[in-house]
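**Student:** Please read through the structure below; I'll follow up with questions.
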Amino acid sequence: AGSNNALFVKDLKKNDKEFIPVIDNFEKSYSVVSTLENYLVVKTNYNAPRQRVVLIDPHHADEKNWIELIPEQEEVLENAKHMAGRLVLIYMKDASNKVYSYEIKKEGNTYTAQNKKEMALPTLGSVSGFYGKTTDSLTFYTFDSFVYPSVICEFNVATNFSQCYRRSEIDFNP
């Protein structure tokens with residue numbers, strides 16, 4: 001399991017010189033997607049071989065205190081982004097990517113992921129990109145497949161609208 005890691009954090013607003021251990025073993029993989037108030041939004045394979053998304057309070061990091069935002073699905077969760085109050089999740093299904101977004105809602109003193117929306121893709125293929133700040137509603141990604149040349153697209157996370165800008169042209173005459 002070569003991609004497993006530990007997880008330590010440091011509050012840059014304080015003058016503390018020490019890192020706080022959140023996960024202090026190398027048994028599973030933990031990838032911090034973003035922060036949400038006092039929580040870390042983490043994509044992990046802990047008790048989820050196909051990955052899931054949880055909230056972890058660094059000061060109360062025991063698994064019993066985790067909030068599961070997105071449970072493990074049938075598809076493999078490849079990537080997760082947090083933008084415009086939504087989680088953008090990229091899954092692999094049948095050698096093709098699927099992209100979903102969920103609204104993050106605060107309910108009392110906990111959080112849930114609601115209003116699942118699937119992003120329309122031109123055909124079966126792969127996506128990459130989706131970079132941006134948690135406050136950004138627009139992001140860019142590339143899409144390609146075996147029968148579709150690479151295309152650069154814009155995705156509005158808030159409205160779930162995608163449009164493509166630049167498509168590679170292939171001059172091919174068999």
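The values are calculated or read from the model by the stated rules, or taken from the named source; none is laboratory data. Predicted model, so just to flag it, every value in this text is computed and none were measured. Positions of Cβ are backbone-derived with ideal geometry, glycine not excepted, and every protein chain shown enters the neighbour counts. Accessible surface areas use protein heavy atoms only, side chains included; no ligands, DNA or RNA. Shrake-Rupley method; radii C 1.70, N 1.55, O 1.52, S 1.80 Å.
**Student:** If you put +1 on each Lys and Arg Cβ and -1 on each Asp and Glu Cβ, how big is the dipole of the range 23-105 around its Cα centre, in Debye rounded to 20? Numbers along the way, then the final one.
**Tutor:** Working: 10 positive and 13 negative charges, 60 e Å.
The calculated dipole for the range 23-105 is roughly 280 debye.
**Student:** What dipole magnitude, in Debye to the nearest 20, does the chain give about its Cα centre under +1 on Lys/Arg Cβ and -1 on Asp/Glu Cβ? Walk me through the intermediate numbers first.
**Tutor:** Values: 20 positive and 23 negative charges, 66 e Å.
With only Lys, Arg, Asp and Glu charged at Cβ, the dipole is about 320 debye.
**Student:** Please give the contour-minus-distance gain from Ser3 to Ser96: 0.36 nm per residue of separation, less the Cα-Cα distance, rounded to one decimal in nm.
**Tutor:** On the way: separation 93, 0.36 × 93 = 33.48 nm, distance 2.24 nm.
Between Ser3 and Ser96, full extension yields 31.2 nm more.
**Student:** Further question on the same structure: Does the range 44-86 classify as rounded, prolate or oblate by the C-alpha gyration tensor (a ≥ b ≥ c root eigenvalues; a/c under 1.5 gives rounded; else a/b over b/c gives prolate, otherwise oblate)? Display every interim value, and only then the final one.
**Tutor:** Values: a/c = 2.45, a/b = 1.22, b/c = 2.00.
Cα axes put the range 44-86 in the oblate bin.
**Student:** Hey, could you grab the Kirkwood Rh for the range 93-133? Inverse mean 1/r over distinct alpha carbon pairs, Å, one decimal.
**Tutor:** Details: mean 1/r = 0.0801 Å⁻¹.
With all distinct Cα pairs of the range 93-133 included, I get 12.5 Å.
**Student:** Also, quick follow-up: Check Leu124: other-chain or 5+ apart residues with amide H under 5 Å from its amide H, H built from backbone geometry?
**Tutor:** Amide H neighbours of Leu124: none.
**Student:** Let me ask something else. Please work out which option in (1) 17.6; (2) 16.2; (3) 15.0 gives Kirkwood radius over Cα pairs in Å calculated from these coordinates, and answer with its label.
**Tutor:** From the options (1) 17.6; (2) 16.2; (3) 15.0, the structure gives (1).
**Student:** What percent do you get for the relative contact order of the range 53-156 when only Cα pairs under 8 Å and 6+ apart count? Can you show the working numbers first?
**Tutor:** Numbers: 183 pairs, mean separation 18.1, N = 104.
About 17 percent, as a whole number.
**Student:** Now for a different question. Mind giving me the FRET efficiency for Asp144 and Thr112? R0 is 30 Å, r the Cβ-Cβ distance, nearest 0.05 is fine. Kindly include the intermediate steps, with their values, before the conclusion.
**Tutor:** Working: r = 34 Å, r/R0 = 1.13.
After rounding to 0.05, the efficiency reads 0.30.
**Student:** Could you grab the relative contact order for the chain? Cα pairs under 8 Å, six or more apart, rounded to a whole percent.
**Tutor:** Worked out over the chain, it gives 11 percent.
**Student:** Let me ask something else about it. Could you size up the charge dipole of the range 66-141 around its Cα centre, putting +1 on the beta carbon of Lys and Arg and -1 on that of Asp and Glu, and report it in debye to the nearest 20?
**Tutor:** Values: 9 positive and 10 negative charges, 66 e Å.
I would put it at about 320 debye.
**Student:** Here is a further query. Going toward the positive end of the dipole of the chain, with +1 on Lys and Arg Cβ and -1 on Asp and Glu Cβ, which of Ala84, Ser96, Pro122 do you reach last?
**Tutor:** Ranked along the dipole, the leading option is Ala84.
**Student:** In terms of Cα to Cα distance under 21 Å, which lysines are near enough to Lys93, apart from those fewer than 8 places away along the same chain?
**Tutor:** Of all the lysines, those that pass the test against Lys93 - Cα under 21 Å, at least 8 places apart if same chain - are Lys43, Lys81, Lys116, Lys117.
**Student:** Before I look further, what does the range 49-174 give for accessible area per residue, probe 1.4 Å, in whole square angstrom? Intermediate results must be reported in sequence, preceding the final value.
**Tutor:** Details: 7340 Å² over 126 residues.
Normalised by residue count, the accessible surface of the range 49-174 is 58 Å².
**Student:** What is the Cα centroid distance between the range 87-128 and the range 9-48, reported in whole angstrom?
**Tutor:** What the calculation gives is 22 Å, centre to centre.
**Student:** Taking square-rooted eigenvalues a ≥ b ≥ c of the alpha carbon gyration tensor, is the range 1-103 rounded, prolate or oblate, where a/c under 1.5 means rounded and, failing that, a/b exceeding b/c means prolate?
**Tutor:** Values: a/c = 2.18, a/b = 1.54, b/c = 1.42.
Here the range 1-103 falls in the prolate category.
**Student:** Checking the a/c ratio against 1.5 first, then a/b against b/c, what shape does the Cα gyration tensor give for the range 1-56? Numbers along the way, then the final one.
**Tutor:** Values: a/c = 3.19, a/b = 1.57, b/c = 2.03.
Cα axes put the range 1-56 in the oblate bin.
**Student:** Would you work out what percent of the accessible area of the chain, with all protein chains in place, is carbon or sulfur (probe 1.4 Å)?
**Tutor:** On the way: 5050 of 10640 Å².
It is 47 percent, rounded to a whole number.
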